[in-house]
Amino acid sequence: MHFTYILECADKTLYTGYTTDLERRIQEHNSAKLGAKYTKTRQPVTLAYAEKFDTKSEALKREYELKTWPRKKKLELLGSNDTRKFLRQ
């Protein structure tokens, strides 16, 4: 499985990424050594949204799409579901 995800950082900013192991990657983002440069200074991060894809290509295309969205549109996506988490099958 491949995942595209949005994290909410401690400073309330949003980070969008891709991974094959969602739980491991979130732990890495909360680690000083393994997280992305952006999230290292904004810990802790929490999962706000995730989508599951069958192929890497699909997940990376969605990641790119979400990264081009303005913050307001991302927040609308996050607010569009009650649990703040959504895994598309």
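Read-outs throughout are calculated quantities, based only on the coordinates presented, and are distinct from any laboratory measurement. Quick caveat, the model's predicted, so the values are computed rather than measured. All Cβ positions, glycine included, derive from the backbone under ideal geometry; neighbour counts span all protein chains shown.
Odds and ends about this structure:
- Out-of-range pairs (alpha-carbon distance over 25 Å; input LYS52/LYS73; LYS37/LYS67; LYS33/LYS61; LYS12/LYS56): LYS33/LYS61; LYS12/LYS56
- Globularity index of the chain, i.e. its alpha-carbon radius of gyration over 2.2 N^0.38 Å: 1.01
- Extension gain for the segment LYS12 to LYS37, taken as residue separation times 0.36 nm less the Cα-Cα distance, is 7.4 nm to one decimal.
- Taking all Cα pairs closer than 8 Å and separated by 6 or more residues, the relative contact order of the range 2-79 comes to 37 percent.
- Helix-only [θ]222 nm of the chain, DSSP H runs n ≥ 4, -39500 (n - 2.57) each, per residue, nearest 500: -10500 deg cm²/dmol
- Paramagnetic reach from LEU77 in the range 19-51 [backbone N under 12 Å; point 7 Å along Cα→Cβ]: 48-51
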